[in-house]
Amino acid sequence: MSEHVYKIVELVGSSPDGIEAAIQNAVSRASKTIRHMRWFEVVETRGHLAEGNIAHYQVTVKIGFTLEDGESL
């Protein structure tokens, strides 16, 4: 088994369509510039209310990815 070193970034995804959509938005956007993503962790959920209704969801996620050889921390 190889030994891996992981780096973590923290992002906030948002969506009017729900928590899962907010997570997916964060992961999808991160995948455009981050290689070797391996896992995510939801660390916070919150939302915006408008006129007594849920208008928007925000989810803070940590995304872990493996570093390539020679990549700086």
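Among the residues of the range 50-70, those that are under 21 Å from residue 7 (Cβ atoms) and either surrounded by fewer than 12 Cβ atoms within 10 Å (Cβ to Cβ) or aromatic (Phe, Trp, Tyr) (or both) comprise 65, 68, 69, 70. Cβ separations smaller than 6 Å between residues 6+ apart or across chains give the following pairs from the range 52-73 residues that are in a loop (DSSP other than H, G, I, E, B) to residues that are at pLDDT 85 or above and surrounded by 14 or more Cβ atoms within 10 Å (Cβ to Cβ): 67/7. Residues that are touching a residue at least 12 places away in the same chain (Cβ under 8 Å), over 21 Å from residue 68 (Cβ atoms) and either charged (D, E, K, R) or open to solvent by 50 Å² or more (accessible area, probe 1.4 Å) (or both) within the range 18-49 comprise 19, 25, 41, 42, 43, 44, 45, 46, listed in sequence order. In the range 2-17, how many residues are part of a strand (DSSP E or B) and either open to solvent by 100 Å² or more (accessible area, probe 1.4 Å) or of a type in the set (Phe, Trp, Tyr) (or both)? Residues in the range 2-17 being part of a strand (DSSP E or B) and either open to solvent by 100 Å² or more (accessible area, probe 1.4 Å) or of a type in the set (Phe, Trp, Tyr) (or both): 2 in total.
The values are calculated or read from the model by the stated rules, or taken from the named source; none is laboratory data. These figures come from a predicted structure and were not determined experimentally. Backbone-built Cβ (ideal geometry, glycine too); neighbour counts: all protein chains shown. When the accessible area is computed, the model is the full protein with side chains, heavy atoms only, and any ligands, DNA or RNA have been set aside. Shrake-Rupley method; radii C 1.70, N 1.55, O 1.52, S 1.80 Å.
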